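For reference, the structure is listed below as structure tokens.
The values are calculated or read from the model by the stated rules, or taken from the named source; none is laboratory data. This structure is a prediction, so every number in the text was calculated from the model and none was measured. Cβ coordinates were reconstructed from backbone atoms using ideal geometry, including for glycine residues, and neighbour counts include every protein chain displayed.
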Amino acid sequence: MLKKSNSRAARAAVAAAKKLGEAAAKAAKELIDALIALGGGTALFVVFSIVIVAGAFLASPLGILFADEQESEDTVPLATAIAEIQGEYHAELEELQNGDYVSIQIVGQAPDWCEVVAVFASKVAGAEDGMDVFTLDEERVELLHQVFWDMCEITTETQDVDVPDSDPDDDVDDSHTETSLTITITAKTAEQMRLEYSFTKYQNDALDILLENLGSLNVPMGSLNISQEDAIELLENLPDDLDPERKAVVETAVQLVGRVSYFWGGKSLTLGWDDRWGVPTEVTAAGSGSTGTIRPFGLDCSGFVDWTFYNATNGSYYPGRGGGAATQHSYCTNISWSDAQPGDLVFYPDDSHVGIVGGKDADGNLLIVHCSGGANGVVITGSAGFTVVARPDCFTD
């Protein structure tokens, strides 16, 4: 388990285990003393103690520290569960904006995901009749969903706005009344939730430890750990002899799968996670039905491509040079589909959309990583809709 996790996660888990593992260690010692009294090999006692302590750790709220590991088809990585709930939250905000409003204002923001996860783990695994959170299944994800919405309240208020006559000197009175909308998001903190849920001392201790460690693990949406099943499968099937620069592009691209929303005009040249992603922001770029609405900030298709190459090259290259898909295409050389390799770009007709060749599926069909205008944002799909494949100049120089 520790081998599969990054060293920072392992260090934080060990530190947390030292703080919350006293009860487990005491139980293990008592069992070992009992076994010794019955006779047996020392090595067997050591094995028993390790199993007991490890089991107690994973069954405790601290098991959430490893919940981003994909163990089977029935489990859900923590980052995936968070992305699903975050998507529901964003959809709710978009739904509330439907209407003819002269202005829309969003006040407040969603609860901090580190706090949501810490409260969830302490509540579910810390209860006397609780369940472990080391692995997340459909039932546990639903419990995480409930905790999030217990910590997030969304209310709306409309107000009539009198618009005066545009030209009092003409014979036409075009004064009228319009409606403004205010959406208020009220987030509860972990401190509030420990009281609302009437946590026990054990749950409160667990919450304190998790709040201390989850931030350093970067578990929630800001995580760039690759945990999506289709992304992992894509990487596992990359050619062994793939050029390292191309491999870096694909590995970087799939870090955002399921984590970043589509945002018309969304660009980022931030190395690593951009803290603006997910923050409700007005769409100001013209030319989209979403222009003028407030949506979670993210990337558009060309913004995703530029961010990927920028991060894969540690900030030294991005094909768009500040432009969109058409500009990116102008710095590429068209090639045949049979010559396409991971890291090459694909385009819709008239450069209306762009994606990155990620690899091939089991049948040899190309897989494309791109930021789609649908609800899922960054996704891995087939090549349907893409009509041109082109090689960026960084691979031809």
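Quick notes
- The range 320-339 residues that are more than 12 Å from D393 (Cβ to Cβ) and in contact (Cβ under 8 Å) with a residue 24 or more places away in the chain, paired with ones that are buried (at least 20 other Cβ atoms within 10 Å of the Cβ) and of a type in the set (A, V, I, L, M) (beta carbon under 6 Å, 6 or more apart): A325/V354; N334/A390; I335/V389; W337/V389
- Exactly one residue out of G289, G272 is out of contact with any helix residue (DSSP H, G or I) (no Cβ under 9 Å at 6 or more places or on another chain), surrounded by fewer than 18 Cβ atoms within 10 Å (Cβ to Cβ) and not basic (K, R): that is G289.
- Within the range 275-303, no residue satisfies the criterion of being without any contact (Cβ under 8 Å) to a residue 12 or more places away in the chain and within 22 Å of W113 (Cβ to Cβ).
- Just one residue in the set H329, H370, H353 is closer than 22 Å to I226 by Cβ, modelled with pLDDT of 95 or more, surrounded by 14 or more Cβ atoms within 10 Å (Cβ to Cβ) and of a type outside the set (A, V, I, L, M); that residue is H370.
- Here the range 243-275 is the region considered, the condition is being in contact with a strand residue (DSSP E or B) (Cβ under 8 Å, 6 or more places away or on another chain) and of a type in the set (S, T, Y), and the residue that is farthest from L224 (Cα to Cα) is Y262.
Residues are listed down the side, and each one gets a yes or a no for (1) of a type in the set (F, W, Y); (2) on the phi < 0 side of the Ramachandran plot; (3) more than 20 Å from the chain's Cα centre (by Cα):
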{"site": "S261", "(1), (2), (3)": "no, yes, no"}
{"site": "R276", "(1), (2), (3)": "no, yes, no"}
{"site": "V283", "(1), (2), (3)": "no, yes, yes"}
{"site": "F304", "(1), (2), (3)": "yes, yes, no"}
{"site": "N311", "(1), (2), (3)": "no, yes, no"}
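- Scanning the range 175-209 for residues that are more than 20 Å from C152 (Cα to Cα) and not small (G, A, S) turns up H176, T177, E178, T179, T200, K201, Y202, Q203, N204, D205, D208, I209.
- Some residue of the range 80-91 being buried (at least 16 other Cβ atoms within 10 Å of the Cβ), in contact (Cβ under 8 Å) with a residue 60 or more places away in the chain and more than 19 Å from the chain's Cα centre (by Cα): no
- Set S316, S290: member being under 28 Å from P244 (Cα atoms) and assigned to a loop (DSSP other than H, G, I, E, B): S316
- Scanning the range 349-392 for residues being part of a loop (DSSP other than H, G, I, E, B), over 22 Å from T291 (Cα atoms) and either more than 23 Å from the chain's Cα centre (by Cα) or among the basic types (K, R) (or both) gives a total of 10.
- Some residue of the range 333-341 being of a type in the set (F, W, Y), within 21 Å of the chain's Cα centre (by Cα) and over 14 Å from V254 (Cα atoms): no
- Residue list for the range 127-143, filter: under 20 Å from the mean Cα position of the chain (by Cα), in a loop (DSSP other than H, G, I, E, B) and exposed (fewer than 15 other Cβ atoms within 10 Å of the Cβ): D137
- Qualifying residue in the range 254-276 (condition: assigned to a helix (DSSP H, G or I), in contact with a Phe, Trp or Tyr (Cβ under 8 Å, 6 or more places away or on another chain) and not polar (S, T, N, Q)): yes
- Conditions (1) touching a residue at least 40 places away in the same chain (Cβ under 8 Å); (2) in a helix (DSSP H, G or I); number of the one not met by D306: (1)
- Selection count, the range 172-213, where residues are within 23 Å of Q146 (Cα to Cα), aliphatic (A, V, I, L, M) and in a strand (DSSP E or B): 3
- Any hit, the range 152-173, residues being at pLDDT 90 or above, at negative phi and surrounded by 14 or more Cβ atoms within 10 Å (Cβ to Cβ): yes
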